[in-house]
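Student: Once you've had a glance at the structure underneath, I'll fire off some questions.
The values are calculated or read from the model by the stated rules, or taken from the named source; none is laboratory data. All figures in this text were calculated on a predicted structure; none of them were measured in a lab. With ideal geometry, Cβ positions are generated from the backbone for all residues, glycine too; neighbour counts draw on all protein chains shown.
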Amino acid sequence: MSEPAPASAEIEFEAELREQRLRFRTTWGLFSPREVDSGTELLLDFVDVRPEDDCLDLGCGYGAIGVTLARLAPRGRTLLVDKDFVAVEYARRNAELNGVTNAEARLSNAFSHVEPERRFDVIAANIPARAGNEMLTMMIEGAAERLRPGGRLYVVGLTGMRRFVQRAMQGALGNYEKLKQGRDYTVAVSVREGERGA
């Protein structure tokens, strides 16, 4: 278990995401530590989540996406995973800080420590710009395998990456819909249709 950062190194701020007023504690070295980044905000604006959905925040950082999904799906279970143990500790603490009891944060490099049989209705990822094509492909293909029929994979990434992301999502799930293309970020969704690939 990692030690929390000394109080002097911690940052705390509030954000309103999908009409949920949330507080986050973060620290230097995590992605966008002083405010929720615009890519995450854009992604959350377009995620279709139902109250009973089981959700996964893939590469959760300090938990902005996962905590929001857990709030929007109170009858489901939300899993937050990241390969950075400091991020996972902050995601866990931020779930507690916001009174979220239906979420769990776990150390995992993509799906390496997610039970093989576990399935999700919604998987959301803010793809890091520095991740290589192999890692992005592995994340998207892994997500496709973990979706229930009718499950949705939502991805936000830098607009310059959109063609690669489109090819990877179409290759893994056979469909792709661009939900919003902005100057900096593009949000897209793919749906697992029927039992294909099961």
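Student: Restricting the range 112-131 to residues that are at pLDDT below 95 and in contact with a helix residue (DSSP H, G or I) (Cβ under 8 Å, 6 or more places away or on another chain), which is nearest to Leu80 (Cα to Cα)?
Tutor: Filtering first and then ranking leaves Ile127.
Student: Kindly indicate whether any position in the range 100-107 is surrounded by fewer than 18 Cβ atoms within 10 Å (Cβ to Cβ) and within 24 Å of Val191 (Cβ to Cβ).
Tutor: yes
Student: Can you find, within the range 153-198, the residue that is nearest to Leu42 (Cα to Cα) among those that are touching a strand residue (DSSP E or B) at 6+ places or on another chain (Cβ under 6 Å) and assigned to a helix (DSSP H, G or I)?
Tutor: The qualifying residue nearest to Leu42 (Cα to Cα) is Thr159.
Student: Give just the number: which of (1) modelled with pLDDT under 95; (2) buried (at least 18 other Cβ atoms within 10 Å of the Cβ) does Gly66 not satisfy?
Tutor: Condition (1) is where Gly66 drops out.
Student: Among the residues of the range 40-63, what is the count of those that are in contact with a Phe, Trp or Tyr (Cβ under 6 Å, 6 or more places away or on another chain), closer than 19 Å to Leu158 by Cβ and either of a type in the set (Val, Ile, Thr) or surrounded by fewer than 22 Cβ atoms within 10 Å (Cβ to Cβ) (or both)?
Tutor: Number satisfying all stated conditions: 2.
Student: So, one more: List pairs: first in the range 102-123 and over 19 Å from Met169 (Cα atoms), second polar (S, T, N, Q), Cβ under 9 Å, 6+ apart or cross-chain?
Tutor: These pairs meet every condition: Asn102/Thr78; Ala103/Thr78; Glu104/Thr78; Ala105/Asn94; Val114/Ser108.
Student: Can you tell me which residue within the range 132-157, out of those that are more than 14 Å from the chain's Cα centre (by Cα), surrounded by 15 or more Cβ atoms within 10 Å (Cβ to Cβ) and closer than 27 Å to Arg183 by Cβ, is modelled with the highest pLDDT?
Tutor: Restricting to residues being more than 14 Å from the chain's Cα centre (by Cα), surrounded by 15 or more Cβ atoms within 10 Å (Cβ to Cβ) and closer than 27 Å to Arg183 by Cβ, the top hit is Thr137.
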